[in-house]
Amino acid sequence: MTIADMNRLEQAARVSMGEFEDSEASAPLRPPVPYASSGLVALGLVAVITAIALYELIY
């Protein structure tokens with residue numbers, strides 16, 4: 001099989017696969033998480049860890 005034959009087969013495969021819609025490609029993209037939300041989560045985790053550490057030190 002020559003390179004030209006392989007190229008023709010690849011092109012034919014792409015054309016035939018173009019008839020089927022890819023569900024992932026057509027799915028709407030989710031918006032990125034805003035930085036404020038991830039910052040609030042990090043701040044919450046730090047607060048919980050600090051509270052646990054203080055509780056362990058006091059009791």
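Here are some notes:
- The residues on offer are Val33, Val41, and the sole one that is at pLDDT below 70 and either among the β-branched types (Val, Ile, Thr) or in contact with a Leu (Cβ under 6 Å, 6 or more places away or on another chain) (or both) is Val33.
- Test: residue in segment 10-22 that is at pLDDT 75 or above, out of contact with any His (no Cβ under 8 Å at 6 or more places or on another chain), in a helix (DSSP H, G or I) and among the acidic types (Asp, Glu): yes
- Boolean, Leu57 is over 21 Å from the mean Cα position of the chain (by Cα), at pLDDT 90 or above and not aromatic (Phe, Trp, Tyr): yes
The values are calculated or read from the model by the stated rules, or taken from the named source; none is laboratory data. On a predicted model such as this, the values are computed, not experimentally measured, just so you know. Here the Cβ is made from the backbone with ideal geometry for all residues, glycine too, and neighbour counts use every protein chain on show.
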